[in-house]
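Here's the structure we're looking at; comments come further down.
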Amino acid sequence: MSPERFAIVFVCTGNQCRSAMAEAFVRAAAAGAPVDVSSAGTLGIDGAPSPRHTVAAMAELGVDLSAHRSRGVQGAGLERADLVVGFELAHAAAAVVEGGAAPERVFGLVELVELLDGVAEPAEREPVARARALVRAAHARRRMVRRVGGEEVADPIGRTAQVHRDTAARVGTLCDRLVGRLFDL
């Protein structure tokens, strides 16, 4: 029997830039933790590579995205995910409506990082139980906070190489904070 794991799915529009970046960052940052990370897009594009500017921006940060291929939210296992993270409000809505994700486990990336900053350390020490407790606490806090994390991470597709670099740096910073908080790394 395999040990219990925490499943995270990142969702963006085409699954070529932001969610692919986040998947790669979290996979690297959480290496050794009981985490399964994947990504998907709301457009349902299957098999498309990340744009060259995205691949180059990530390579500058030491991450190889050259093998990434997009996939849609349908069939991405969102209904079984412990955590689904989007970059825009539309991603969260699509994750729930089209992907079957549980609303209490769906967040925007900026929103989730900000919410987690305000929750108490959980009593659970086992990594998967700890991460699940933090997601529940973030959801509970979301209901009490009027407008936390309304900020979105804009799509760099079709924009300059510098926009892709800036987006990669921002997503990387947010993902480091997320992994550090969820898994105490």
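The values are calculated or read from the model by the stated rules, or taken from the named source; none is laboratory data. The structure presented is a predicted model; accordingly, all values stated were derived computationally and were not measured. Glycine also receives a Cβ, built like all others from the backbone with ideal geometry; neighbour counts cover every protein chain displayed. These accessible areas exclude ligands, DNA and RNA; they are computed on the full protein's heavy atoms, side chains included. Shrake-Rupley method; radii C 1.70, N 1.55, O 1.52, S 1.80 Å.
With the simple model of a label 7 Å out from the Cα in the direction of the Cβ, A102 to E79 spans 1.4 nm. Amide H contacts of A7: D36, D82, L83, each under 5 Å away and 5 or more positions distant or on a separate chain (H built 1.01 Å from N in the peptide plane; Pro and chain starts excluded). Taking amide H atoms as placed 1.01 Å from N in the peptide plane, the amide H of G44 lies under 5 Å from those of V73, each 5 or more residues away in sequence or on another chain. Residues in region 81-96 carry Karplus couplings, in order, of 5, 6, 8, 10, 10, x, 10, 9, 4, 4, 5, 4, 4, 5, 4, 7 Hz; the curve used is 6.51 cos²θ - 1.76 cosθ + 1.60 with θ = phi - 60°, and Gly or Pro positions show x. In this rough spin-label picture, where each label sits 7 Å from Cα along the Cβ direction, the M144-E126 distance is 2.6 nm.
For the chain, the normalised intensity computed at q = 0.12, 0.14 Å⁻¹ comes to -0.51, -0.70 (log10 of I(q)/I(0), Debye sum over alpha carbons, equal scatterers, no solvent). Taking the average, over residues, of other Cβ atoms within 10 Å as the packing measure, peptides 12-20, 25-33 rank 12-20, 25-33 from highest down. Largest mean-square fluctuation among G47, G108, G99, in a Gaussian network model of the chain whose springs join Cα atoms under 10 Å apart, belongs to G47.
Shown here are the Rg and Dmax of the Cα trace of region 99-185, at 14.5, 45 Å. A simple rule links phi to the HN-Hα coupling: the Karplus curve 6.51 cos²θ - 1.76 cosθ + 1.60 with θ = phi - 60°, which for region 73-79 gives 5, 5, x, 8, x, 5, 5 Hz, with x for Gly and Pro. Accessible surface comparison of R136, R130, R5, probe 1.4 Å, protein chains only, largest first: the order is R136, R5, R130.
Seen from E88, the other residues with C-beta closer than 13 Å to its C-beta sum to a net charge of -3, counting Lys and Arg as +1 and Asp and Glu as -1. Residues whose amide H comes within less than 5 Å of that of G86, counting only those at least five positions distant or on another chain, are V11, F107, G108, L109 (H built at 1.01 Å from N in the peptide plane).
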